[in-house]
Amino acid sequence: MERAPPTGPAPLLALADLLASMRADRTMEDVLEGARLAGAKVSDIATTKARFERRRGRPDAALRALEPVAGERSAAQSLERAAAFLDLDRAEEALSELSRFDADPGSRVWLEAVKLRAMIQGRSNGFPAADRVLQGALQECGDIGGAAQAIRLWRVEIGLELGLPQASIETLLRDVPVYPATPETAYYNGRAAEQAGNHEAARRAYNEALRIDEAHVPSLERLIELEPGQPHRQRLGELLAPNDARAR
């Protein structure tokens with residue numbers, strides 16, 4: 001029995017965001033056009049488009065995508081602009097965007113802003129400066145809605161990006177709660193193992209992430225590289241299939 005495809009712009013925008021994370025150019029453009037025809041807001045389409053361009057490594061194109069809605073300055077748009085400015089090594093402009101809105105500690109928007117501020121400090125002044133931002137955020141939010149676990153994982157992510165030695169990464173990982181089990185925890189264990197050259201441990205960790213969440217795109221992307229003979233690329237294709245096609 002076939003299931004009716006989703007109606008309205010919201011499911012289409014969610015699918016476009018997933019496609020953006022997978023960097024699926026043509027498919028995402030088609031889905032965004034469908035969202036527009038279904039009545040999605042211009043601002044939502046622009047923000048999703050900007051996220052896509054940034055994930056494709058095109059921060060200048062991300063900023064151009066947001067130009068039609070420059071007067072609105074929503075938190076989501078400011079976050080995308082800040083991330084694009086960071087990618088362009090324009091730290092002051094990134095910080096200016098982050099100062100344009102307030103968010104409740106522990107909220108998604110607040111967490112994303114914390115991560116960007118930490119990355120800005122880390123790239124400019126090294127990991128200790130980034131860690132001060134994250135430790136301050138931990139004190140501010142406590143453990144609201146799992147925020148503490150996310151922030152501890154970002155310590156690992158930023159440490160990996162800044163090239164901390166393996167022993168330091170392992171110390172940061174030990175500070176991440178084991179429960180509740182999340183795909184992100186397993187994923188960063190995989191990243192740390194891969195950095196150390198232990199590809200077998202990395203594969204186990206990425207597969208553990210997929211056991212927790214079979215649609216965890218970053219783990220699928222790493223396994224495509226580490227296990228080229230396995231059907232991980234096919235799984236990515238299945239995630240892109242319309243809901244009614246998957247239900248057949």
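Laid out as a table, the results:
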quantity	calculated
Condition check for residue 223: in contact (Cβ under 8 Å) with a residue 60 or more places away in the chain and out of contact with any Ser or Thr (no Cβ under 6 Å at 6 or more places or on another chain)	no
Subset of the range 104-126 that is in contact (Cβ under 8 Å) with a residue 12 or more places away in the chain and among the basic types (Lys, Arg) - its residue that is nearest to residue 55 (Cα to Cα)	115
Enumeration of residues in the range 27-46 that are modelled with pLDDT of 70 or more, surrounded by 15 or more Cβ atoms within 10 Å (Cβ to Cβ) and among the small types (Gly, Ala, Ser)	34, 38, 40, 43, 46
Conditions (1) over 27 Å from residue 115 (Cα atoms); (2) exposed (fewer than 15 other Cβ atoms within 10 Å of the Cβ); (3) in contact with a helix residue (DSSP H, G or I) (Cβ under 9 Å, 6 or more places away or on another chain); number of the one not met by residue 229	(3)
Some residue of the range 6-26 being loosely packed, with under 15 Cβ neighbours inside 10 Å and at pLDDT 70 or above	no
Complete set of residues in the range 177-201 that are crowded, with 20+ Cβ neighbours inside 10 Å and under 20 Å from the mean Cα position of the chain (by Cα)	182, 183, 184, 185, 186, 187, 188, 189, 190, 191, 192
Test: residue 160 is part of a helix (DSSP H, G or I) and surrounded by fewer than 21 Cβ atoms within 10 Å (Cβ to Cβ)	yes
Only one of 129, 209 that is at pLDDT 90 or above and in contact with a Phe, Trp or Tyr (Cβ under 7 Å, 6 or more places away or on another chain)	209
Test set (1) closer than 28 Å to residue 139 by Cα; (2) modelled with pLDDT under 85; (3) in contact with a Ser or Thr (Cβ under 7 Å, 6 or more places away or on another chain) - residue 102 fails condition number	(3)
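Here's the yes/no breakdown for (1) buried (at least 16 other Cβ atoms within 10 Å of the Cβ); (2) in contact with a Leu (Cβ under 6 Å, 6 or more places away or on another chain); (3) without any contact (Cβ under 8 Å) to a residue 12 or more places away in the chain:
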{"residue": "72", "(1), (2), (3)": "no, no, no"}
{"residue": "77", "(1), (2), (3)": "yes, yes, no"}
{"residue": "85", "(1), (2), (3)": "yes, no, no"}
{"residue": "92", "(1), (2), (3)": "no, no, yes"}
{"residue": "99", "(1), (2), (3)": "no, no, yes"}
{"residue": "102", "(1), (2), (3)": "no, no, yes"}
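The values are calculated or read from the model by the stated rules, or taken from the named source; none is laboratory data. Keep in mind that what you see is a predicted model, and the values were worked out from it rather than measured. All Cβ positions, even for glycine, are placed from backbone atoms using ideal geometry, and neighbour counts span all protein chains on display.
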